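One structure below.
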Amino acid sequence: MPMRGIFRRFLDQSLRRKLILSFLAVITMGGVITLIIGTRIEHQTIISLAEAKVRHDLASAWMVYREKLNSIRELVLLSADREFIAEALRTGRPNGVAARLDGIRKEYGLDTLTLADARGRVVVRSRHVEVSGDDQSGDPFIARALNGQVTAGTQIVSPGELIKDGTDLAERAYFEFVPTPMAAERPENHEENGMMLKAAAPVTDEGGALLGVLYGGLLFNRNYDLVDRVKEIVFKGEKHKGHDIGTATLFQNDLRIATNVLDDQGNRAVGTRVSREVNEAVLRRGGLYVGRAFVVTAWYITAYEPIRDIDDRIIGMLYVGMLERPYIELRNRVMATFAGLAGVCALFLLGLLSFVARRITQPLAIMAVAADKIAGGDLTHRLEFGGKDEIGQLAHAFNSMTADLHDAREDLTQWGRTLERRVEERTRQLRETQDHLIRSEKLASLGKMAAGVAHEINNPLTAILINAHLLLERCGDHPPSRESLTLIAEETTRCAQIVSGLLNFARQTPAREALADINDIIERTIQLLEKQAAVRNIQIEKNLDRSLPWVAIDKNKIQQVFSNLAINACEAMPEGGTLWVTSGLSRDGTSLEIIFVDTGVGIPKENIPKLFDPFFTTKNFGTGLGLAVSYGIIRQRGGAIDVRSEVGRGATFTVRIPLESGADKSEQSEDMS
Amino acid sequence: MTDLAKKMILVVDDEPTVCKSIREALLREDYDVDTALGGEDALRLSAKKKYDVFLVDLMMPGISGLDLLKMLKSECPSSRIIMITGYPTMKNTLQAMQTGAYDFLPKPFLPSTLRNLVAKALGGSGDTGSNPAG
């Protein structure tokens, strides 16, 4: 869960931060892993190099060791061949031999040089002449020499034997153990034995008969010549901060008996013991130990190898070691350089990454802001970075998308703005169309009926009219009959007129359209009415648009319509008034509009729907067909007549005539059939 | 001299009262007026007598006025034929005039109108009179 929480938190970061964090993680991980592996490899390399060197150094030390042993062997061997020794043994007079032997011993730096007879009894102990006559044939070196073998090797020498060569020698060999932290447990707390390089050679006469044995030795305990020589030859006295880098030690068993490893006080650390680990590996198992080891006060890269006596028993160790610190410091320096380089690289990468991340995320951030703005409705916002990479393409796509959105919204807004108006317009048109349709149907059926009725009535009317006139012709001047007959004739004529009007209305004879100026027709209509109107105190005002196009119309019929409307208007103004006649284009530019406005009595609201019905009239005279016929004519032409009026406020009749002659073919063809 | 023989007129209408009224009106002018109530009658009469003027109702059951007009035009090419109708439409009028009617008289009409038209038809010389129905 906490891992998930961290991951979730990571995901919530900004893109740039995520990129940088991810790369940082990769760099850090890579760096750490590289550093760890590098350190390992470095360490391994340096240490293994050091170990190879120390191994080589150990071999060198062994050379020094063997050289020393060899020099002792040579000395003993050469001395054994000397005449004065053979002489002394042959004659059994050792006088004077002791002094000469001691001279040789001292000259070559041996601790002991002893002559024994052919049975192994000591004849002369050059170091300590006072002790002699003891049997040394039990000593393996002496025993082999007695058998004629020259023998050289390392030997543990008991304090009893040491003391024979002088108490000082036994004392040199003696060590109290210095407590050593990592050493193996030992029951004793001191060492009395000594460790010696020893060589024994038989002394023979000319004939080769054994006369005795000459043997000599070098006690290692507290003898630092060998180790210092090793140090000098192998390490050439190299120092690190005042400390010798190279050290060599001779161990008797696990005890340092000769060394140039120093303790805390700067003294040679003799009396201390080897660590348990080395003890186990070298003394117990007899192997070579190469590796880190804690030597007295510091870590060393070390090599230990067992020292064996002539019977191949492990009796001690030869050690060389190099202070580890210089190597560690070298390694640390290398590592520090490495880490520093890695750090610089990481910093450089981080900088580069930051730059790249910015290059990637900055446009994205700008886009995010832009997207916000667009979401907020600002569709004019544009991104202004180019480039041919994916981000550039994205920006381009983004811009064109925004532009499309903008256009789409503009269209929508525009559409929305006009929609309401269009709905209203359409609704109005629909209602009008419906009204016109109802009216047209009403008219059509009425027309058919009227035609039938008119036809039937015409026959009797013809008979009545003719006979009435015939009677009038016959009756001469007989007043009462004449009066009645005249009345009959007149009323019959009126009937005939009504029927004729009905027929006119029903017939709607086909229009004979020709291009005409509508204003012309208006002028002609008004001209006919003007005098009559002036008499009735009515003014006629024209407001004509002279730029109107000519349209295809039946002049006579249209004039009939205008005449009807003008007459109706005049009749609506019994007290006088003004009739305005206006011509113009409709708002949508598709029709002519001729408007008759009067200041007359107006039309009651309930009468408006019936105005165009045939036979509807409010006048005491007239057929009630004028408006119906007018309406029929305009409908036939594809136009319409609209009325607006209120009682006492006059009336407005608007005649619309489409510019295109959309004459209603159905009404026309019906008539033609 | 020219009026020794009475002018012969045949009125064709499916309405007896109309036929009778027209006959009455024309008799005053001293024409010889016959009536027929349909196309068959008219054809039968015209086969027997030679009429100068026919007055033919356009809308009749049986043989229509227009058909009768055509037949009369072929049988009595010198006669003048005036069409009468109670429902004059442009279509009828045009057809009648194109078929060869002399003129067209919408119902109802005054006796004077009738007499004038008939006199005109009789007075004109043959078929050459200009068509008044324009």
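The values are calculated or read from the model by the stated rules, or taken from the named source; none is laboratory data. All values derive from a computational prediction rather than experimental measurement. Every residue, glycine among them, receives a Cβ derived from its backbone with ideal geometry; neighbour counts consider all protein chains shown.
Annotations
- Under the condition of being closer than 15 Å to residue A:564 by Cα, touching an Asp or Glu at 6+ places or on another chain (Cβ under 8 Å) and buried (at least 19 other Cβ atoms within 10 Å of the Cβ), the residues counted in the stretch A:641-653 number 2.
- Strands (runs of 3 or more DSSP E) lying entirely in the stretch A:107-174 (those with 1 or more residues that are under 12 Å from residue A:219 (Cα atoms)): A:112-117, A:151-157
- Considering the conditions (1) under 22 Å from residue A:226 (Cα atoms); (2) touching a Leu at 6+ places or on another chain (Cβ under 9 Å); (3) free of Cβ contacts under 8 Å to residues at least 60 places away in the same chain, residue A:298 is excluded by exactly one of them, (1).
- Of the residues screened, residue A:411 is one that is exposed (fewer than 11 other Cβ atoms within 10 Å of the Cβ) and modelled with pLDDT of 85 or more.
- Unique residue being more than 60 Å from the chain's Cα centre (by Cα) and either within 28 Å of residue A:625 (Cα to Cα) or part of a helix (DSSP H, G or I) (or both) when the list is A:426, A:512, A:422: A:512
- Matching residues, the stretch A:465-491, being at the interface with chain B (Cβ under 7 Å from one of its Cβ atoms) and polar (S, T, N, Q): A:467
- For the stretch B:66-102, the set of residues classified as free of Cβ contacts under 8 Å to residues at least 60 places away in the same chain and closer than 16 Å to residue B:16 by Cα consists of B:85, B:86, listed by residue number.
- Extreme residue, nearest to the other protein chains (Cβ to nearest Cβ), among residues of the stretch A:450-464 that are hydrophobic (A, V, I, L, M, F, W, C) and touching a residue at least 12 places away in the same chain (Cβ under 8 Å): A:461
- Looking only at residues in the stretch B:93-116 that are part of a helix (DSSP H, G or I) and crowded, with 19+ Cβ neighbours inside 10 Å, the one that is farthest from the other protein chains (Cβ to nearest Cβ) is B:96.
- Qualifying residue in the stretch A:430-448 (condition: farther than 30 Å from residue B:116 by Cα, surrounded by 16 or more Cβ atoms within 10 Å (Cβ to Cβ) and within 14 Å of another protein chain (Cβ to nearest Cβ)): yes
- Residue A:86 being touching a residue at least 40 places away in the same chain (Cβ under 8 Å), assigned to a helix (DSSP H, G or I) and either closer than 30 Å to residue A:288 by Cα or of a type in the set (Ser, Thr, Tyr) (or both): no
- Listed by first and then second residue, the pairs linking a residue in the stretch A:343-372 that is at negative phi to a residue that is surrounded by 15 or more Cβ atoms within 10 Å (Cβ to Cβ) and of a type in the set (Lys, Arg), with Cβ atoms under 6 Å apart and 6 or more places separating them unless they lie on different chains, are A:357/A:16; A:361/A:16.
- Counting only strands (runs of 3 or more DSSP E) that fall entirely inside the stretch B:1-77 and contain at least 1 residues that are within 14 Å of chain A (Cβ to nearest Cβ), buried (at least 18 other Cβ atoms within 10 Å of the Cβ) and acidic (Asp, Glu), the qualifying elements are B:53-57.
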